[in-house]
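Here the structure comes first, spelled out in structure tokens, and everything after it is commentary.
The values are calculated or read from the model by the stated rules, or taken from the named source; none is laboratory data. Just so it is clear, the model here is predicted, and its values are computed rather than measured. Positions of Cβ are backbone-derived with ideal geometry, glycine not excepted, and every protein chain shown enters the neighbour counts. All accessible areas refer to the heavy atoms of the entire protein, side chains included, with ligands and DNA or RNA removed. Shrake-Rupley method; radii C 1.70, N 1.55, O 1.52, S 1.80 Å.
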Protein chains: 2
Amino acid sequence: MIVKVSVLYPNIEGSRFNMDYYCKLHVPMLQQKFGAACRQAIVEQGISGAVPGSPPTYLAMGHFYFDSVEAFQAAYRPHAAAIMADMLNYTDIEPIMQISQVKS
Amino acid sequence: MIVKVSVLYPNIEGSRFNMDYYCKLHVPMLQQKFGAACRQAIVEQGISGAVPGSPPTYLAMGHFYFDSVEAFQAAYRPHAAAIMADMLNYTDIEPIMQISQVKS
């Protein structure tokens, strides 16, 4: 089973999100803390909704792949406080977290 | 540039979503209609939110990768009506569409 942990940052007007910090410092920090349990990390930047030029629902998304929900929880739990604290360095958006199973 | 078109089905109580139909018929139909322009298609099923056992924000997600927004629009536009019509066969949820740039 492939489990994907998605962190979705809603596109709220006037909000702050430093993509450079997120890509160069926050995500590498997560990868270092998660270690080999995190199989892959992917960052995406919202372009638009379905209609060209319309605002995207999410400004940014981070996706982290694990072998199971338990593997994610075990990798995340010891570092939750440090991860949360670093978030203030790049955003004031409260993200939505979703855990999904990759079907294909 | 890698462009990802995400179709997100919100987890609405009492709504209908036939994952079997989506995976076995709808997504293969999309791939057939999009042709080589669609580099990859991935389906995900929501497990939970951040807290184990909490409901996921999205019941299902489909992700379709293209080389550019233009490549997606050109592949999608001629088939929009047929794609929309087939949606009724597996869901009554109105999905959120987001186009994103894959950064890493």
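Values for this structure:
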| quantity | calculated |
| --- | --- |
| Length-normalised contact order for chain A - Cα pairs under 8 Å, 6+ apart - percent | 50 |
| Three semi-axes of the equivalent ellipsoid, segment B:22-68, Cα gyration tensor, whole Å, largest first | 27, 12, 6 |
| Computed helical MRE - 222 nm, chain B, DSSP H runs ≥ 4 contributing -39500 (n - 2.57), nearest 500 | -6000 deg cm²/dmol |
| Estimated Rh, chain B: Kirkwood, alpha-carbon pairs, angstrom | 14.4 |
| Cα-based equivalent ellipsoid of segment A:1-46: semi-axis lengths in Å, sorted from largest, via gyration tensor | 23, 14, 7 |
| Percent RCO, i.e. relative contact order, over segment A:30-80, from Cα pairs under 8 Å lying at least 6 residues apart | 41 |
| Kirkwood Rh in Å, taken over segment A:62-104 so that all alpha-carbon pairs contribute | 12.1 |
| Share of pairwise Cα separations in the protein assembly as shown, more than 32 Å, in percent | 15 |
| With DNA, RNA and ligands ignored, accessible area of B:LYS33 (1.4 Å probe; Å², nearest 10) | 60 |
| Estimated FRET transfer efficiency when R0 is 45 angstrom, pair A:ALA82-B:MET19 (beta carbons, to 0.05) | 0.80 |
| Heavy-atom accessible area, 1.4 Å probe, ligands and nucleic acids excluded: residues of segment B:40-59 down by at least 20 Å² from chain alone | B:ILE42, B:VAL43, B:GLU44, B:GLN45, B:ILE47, B:SER48, B:GLY49, B:ALA50, B:PRO52, B:THR57, B:TYR58 |
| With every protein chain in place, chain A: carbon and sulfur % of accessible area (1.4 Å) | 57 |
| Buried area at the B-A interface (accessible, heavy atoms, 1.4 Å probe, summed, Å²) | 2600 |
| Number of partner chain Cβ atoms within 10 Å, mean per residue of B:87-98 | 2 |
